[in-house]
Amino acid sequence: MELQEKTVGEWLEYWAEVTPDREYLVYPDRNLRFTWKQFNRRVDDMAKGLISIGVKRGSHVGIWATNVPDWLTFLYAGAKIGAVIVTVNTNYKQNELEFLIKDADIQTLCIAEGVFNGSYIDIVYEMLPELKDSQRGYLKSERFPNLKNVIFIGQEKYRGMYSAAEILLLGSNIEDETLESEKKQVKCHDVVTIQYTSGTTGFPKGVMLTHYQITNNGYFTGAGMGYTADDKLCCCVPLFHCFGAVLSSMSVLTHGCTQVMVERFDPLTVLASVHKERCTVLNGVPAMFIDEMNHPMFEMFDLASLRTGIMAGSPCPAELMRAVATKMHISGITSVYGLTESSPGMTHSVLEDSFEDRCTTVGREYPFTEIAIMDPETGEECPVGVQGEVCCRGYLVMKGYYKNPDATAGVIDRDGWLHSGDLGVKDGRGYYCITGRIKDMITKGEENIFPREIEEFLSRLEGVKDVQVVAVPSEKYGEEVCAFVILKDGAILTEDVIKDYCRGKIARHKIPEYIFFVDEFPMTESGKIQKFRLKELIVRFLEEKSRIR
């Protein structure tokens, strides 16, 4: 394998020429289907439409939408003309959106209707009261001087906003030669996307990634899973996150596969999509696989077409990996470890690895990638088997945080190593295990406890569906262990039963002092569990308990 130097747009045009009539993009719930040729034509029309409203090389185009049809159209259209696509977390509220629009210098914002309990349209009008009185394309906002256009991704018309259909129509007035001229200026090492970190602590930071980085990361991901053009990947993870945009979409793009889309995660829709389209690949975070396997209609669907997939986004319990392999027929289940800042994959357990290694490790480093386990105190590389911070170096390391050189210097050292903040161990065969976050580490007295170890242990207890372990303040020990447990349907477990299960099997200081049974965990839209919110819950509980006494 070699590093490829095609841009995102060049990859799309390659398959539109080589396999023009093969299906590329499918929305099975509405039977919407595009071949590579049809989709490439739509992208070109959208690109010309963007040019007509002033989007050009270097313009920042935000996309705030679930996995709607035309999300990828806007991504590829912007990429073809050298624009930078800024992906916006679908869970954002007004304050977060305002921060991102200012921080990212967004010139054009593309939005859908909205999700959860908020309308994106209402939020945008609240943020931009002048929009309703503005002629489309002539927005003048004192608070957001860079923002000139708002596009609604759909057919409906809203005051001051373009619709996607109107952008396509405007594109018909732009000559093909104009588009070709813009495309020729785009280079593979140009920044193509800015993806904001989830911001679970502090302000989000914009990670700048290039065509070269995300297409190669996608290419090596697909290669490790044995992709051919006959594969069909069911994409139910959000496109605003690297899991959807790179590990899913770029792996499909670079191997000429078919991408079967789920607009917003719903376990029933996923199962039905796999069944109907005979998907061969299914990606998701652990919670998604849990919800799919525990859906009451699970047995009604034929999933035998599945052969491989990625479980990633948060720690993947070995028992869950094994269950997915047997119950969902994904015998080739793999895991990817990485960060948005690393495009995102650093390590990957590929099909050639043994089943046990794929269940219990995050594999070995990606091609053309260096991984080092470094002592957080000394900066020296740790010996085999010794825990340290996971660091990487190579083509995949981000260009930096947008307009934030100090934060960039805080994670990329002088030697080019990207410091993940995660703890891991490398074994003698070159496989890596992630053991926790440096900041997540629980210090009880003089003992260092890593939540991942306890989570893995408790997940093996019959009746436990999922578990998360966090630190709790303790006057006596500094910190104590607290476990939040989700039970399987019909399971009956008590705090005493769980503690009895631990006794004699794990060290006494690792046994949770507090155990809480919950129905769900607080999550980011990209599927990451917000442990800091769990900590807030237990701290409030202890404070209230103290007041009652």
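The values are calculated or read from the model by the stated rules, or taken from the named source; none is laboratory data. What you are looking at is a predicted structure, and each value in this text was computed from that prediction instead of being measured. Cβ sites come from the backbone with ideal geometry, for glycine too, and all protein chains shown count toward neighbours. Only protein heavy atoms, including side chains, enter the accessible area calculation; ligands, DNA and RNA are left aside. Shrake-Rupley method; radii C 1.70, N 1.55, O 1.52, S 1.80 Å.
Over region 166-278, all Cα pairs binned in 10 Å intervals from 0 give whole-percent P(r) values of 12, 29, 34, 21, 3, listed from short to long. Centre-to-centre, using Cα atoms only, region 513-533 and region 406-452 are separated by 21 Å. Length gained on full extension, THR494 to ASN173, computed as 0.36 nm times the residue gap minus the Cα-Cα distance: 108.8 nm. Within region 118-261, DSSP assigns beta bridges of which about 45% are antiparallel (rounded to the nearest 5). Angle of helix 36-52 to the longest C-alpha principal axis of the chain, folded into 0 to 90 degrees and rounded to 10: 70°.
Between the labelled values (1) 74, 52, 52; (2) 90, 48, 47; (3) 170, 73, 52, the entry that holds Cα extents along the principal axes in Å as derived from this structure is (1).
Helix 94-104 and the longest principal axis of the C-alpha atoms of the chain enclose an angle of approximately 70°.
Among the protein heavy atoms of the chain, carbon and sulfur supply 48% of the accessible surface, probe 1.4 Å, non-protein parts ignored.
For LYS157, a cut-off of 12 angstrom between C-alpha atoms picks up these aspartates and glutamates, skipping any fewer than 8 places away in its own chain: GLU113, GLU166.
With the simple model of a label 7 Å out from the Cα in the direction of the Cβ, GLU381 to GLU453 spans 2.5 nm.
Computed from label points 7 Å out along Cα-Cβ, the spacing between THR326 and ALA165 is 5.2 nm. Peptide packing: for 80-91, 123-134, the average count of neighbouring Cβ atoms within 10 Å per residue gives the ranking 80-91, 123-134, highest mean first. At an R0 of 25 angstrom, the distance between the Cβ atoms of ARG508 and THR443 translates into a FRET efficiency of 0.95.
Rounded to the nearest 10 degrees, the angle from helix 318-327 to the longest Cα principal axis of the chain is 60 degrees. I want the antiparallel fraction of DSSP beta bridges within region 233-391, as a percent rounded to 5. Restricted to region 233-391, the bridges split so that about 45 percent are antiparallel. One decimal place: the segment LEU542-GLN94 gains 158.1 nm when fully extended, by the rule 0.36 nm per residue minus the C-alpha distance. Comparing GLN155, ILE106, SER119 along the charge dipole axis of region 98-181, the residue lying farthest to the positive side is SER119, per the Cβ-charge model. Cα centroid separation, region 137-201 to region 279-293: 32 Å. In this structure region 1-120 gives 35 Å² per residue of accessible area when probed at 1.4 Å with all protein chains present.
So for each of 244-253, 186-195, 433-442 I average, over its residues, the number of other beta carbons within 10 Å; can you give me the resulting order with the highest mean first?
The packing order, highest mean first, is 244-253, 186-195, 433-442.
For the chain, give the share of DSSP beta bridges that are antiparallel, in percent and rounded to the nearest 5; count only bridges with both residues there. Bridges in the chain that DSSP calls antiparallel: roughly 55 percent.
Sorting LYS465, LYS148 by solvent-accessible area of protein heavy atoms yields LYS148, LYS465, largest first, with a 1.4 Å probe.
A straight Cα-to-Cα reach below 26 Å connects LYS476 with the lysines LYS439, LYS444, LYS499, LYS505, LYS510, LYS531, LYS535, LYS545, residues fewer than 8 places away in its own chain not being considered. Once the chain from ARG278 to ALA229 is taken as fully extended at 0.36 nm per residue, the excess over their C-alpha distance is 16.2 nm.
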